1. Along Cα→Cβ, 7 Å out, is where each label goes; now give me the distance between the ones at residue 288 and residue 330 in nm to one decimal.
2. Just round it to a whole percent: the fraction of Cα-Cα distances in the stretch 301-340 exceeding 12 Å.
3. Rounded to the nearest whole Å³, what is the per residue volume of the convex hull around the Cα atoms of the chain?
4. How much length, in nm to one decimal, is gained on full extension between residue 343 and residue 236, taken as 0.36 nm per residue of separation minus their Cα-Cα distance?
5. Could you check the simple spin-label distance between residue 350 and residue 197, using points 7 Å along Cα→Cβ, in nm with one decimal?
6. For the stretch 55-156, just the Cα set please: Rg and Dmax, both in angstrom.
7. Multiplying the sequence separation of residue 315 and residue 126 by 0.36 nm and subtracting their Cα-Cα distance, what value in nm do you get?
8. Once label points are set 7 Å from the Cα along Cα→Cβ at both residue 307 and residue 86, what is their separation, rounded to one decimal in nm?
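Derivation of every value follows stated rules applied to the coordinates shown; laboratory data play no part. Quantities reported herein were computed from a predicted structural model and do not represent experimental measurements. When we count neighbours, we look across all protein chains shown, and the Cβ atoms used for this are built from the backbone with ideal geometry, even at glycine.
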């Protein structure tokens with residue numbers, strides 16, 4: 001089934017986003033000579049910036065050398081067969097008949113099964129045929145749009161996509177398209193200056209994801225029970241930089257931390273923002289700490305209390321109890337005075353990742369991970385906790401849940 005995957009230059013995109021998107025489009029046309037089901041087929045840009053995007057894409061493509069892929073220096077080979085070349089040519093003719101025109105075509109080889117990279121321009125973007133025909137080769141059609149609402153209507157005319165790329169640094173613009181396309185696309189890739197250097201790209205499936213969009217390219221899984229129910233739901237994979245992910249999902253994304261000026265335990269539920277982070281003061285672990293914790297907890301495991309046996313252990317020395325590390329971290333990040341934080345509600349996902357020995361120095365990083373209202377008086381706040389040693393290595397990580405008081409009804413935003 002055809003998949004008219006799209007790339008869109010957002011209204012808030014800067015020059016770097018434009019250049020990165022042009023590179024992404026050219027790459028999608030070049031990899032496997034555009035013969036990928038996730039390849040970009042339609043490109044949308046604000047009317048005033050369409051020409052700049054076309055020219056930037058052309059510059060990336062014009063230097064490619066077409067030829068035998070076994071030869072040194074060749075960038076682009078032929079299509080899979082003569083029949084495939086004919087199919088792509090028919091698709092291009094259909095797009096031209098639907099209102100597009102050839103803006104630029106690579107001057108390279110046209111013999112055999114070679115089909116040159118081609119950029120089409122549809123200045124009148126609403127022709128239905130333009131959003132129904134897929135040239136399965138190195139061809140992309142560029143469309144202008146006036147505003148976001150028109151761009152979203154044009155994107156939806158494709159009848160569903162495996163993947164789409166949105167170039168924007170603005171979380172609110174990303175939110176608009178995320179909500180508008182959530183039932184139309186299998187994966188939305190947000191591209192901007194914050195993530196371009198580490199992005200896997202438009203057409204690269206992510207680990208652990210089924211490769212398929214709405215109604216397309218199924219995952220081949222056996223259906224039954226809840227799994228069967230999930231297959232009837234519209235699902236979307238979102239790929240973006242941490243700041244955009246956090247803004248769109250309302251949940252903490254590692255890399256999007258914001259230092260807090262006020263201890264977060266002094267804030268009511270409504271005042272806490274996902275991503276705000278407290279980095280605590282430090283504490284050095286002593287032999288007395290370990291000995292006293294062993295007596296207090298009655299945990300006299302040899303790795304904590306027996307010097308000779310501990311030397312023969314996988315640690316090679318005496319180490320602190322994991323639950324001492326947990327308790328010490330709480331001592332570092334808890335503000336002891338009465339305030340909006342009312343109670344510890346639970347702990348999830350605890351992992352001890354590095355041993356802590358005598359003389360090691362601990363520091364905790366506390367980050368608002370997520371929040372949800374519980375009732376009229378309280379909300380549940382999830383906090384991501386990382387305990388670090390003097391080398392900056394994570395020695396423990398977990399999520400704690402607290403009950404936090406809500407403001408009086410009249411004082412809420």
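1. It is 2.2 nm.
2. Numbers: 495 of 780 pairs.
That tail contains 63 percent of the Cα-Cα pairs.
3. Enclosed volume per residue, from the Cα hull, is 216 Å³.
4. Full-extension gain reported as 35.0 nm.
5. So the label points at residue 350 and residue 197 sit 3.8 nm apart.
6. Considering the stretch 55-156 through its Cα atoms, Rg and Dmax are 15.0, 47 Å.
7. Roughly 61.3 nm would be gained on extension.
8. Reported label-point gap for residue 307 and residue 86 is 8.7 nm.
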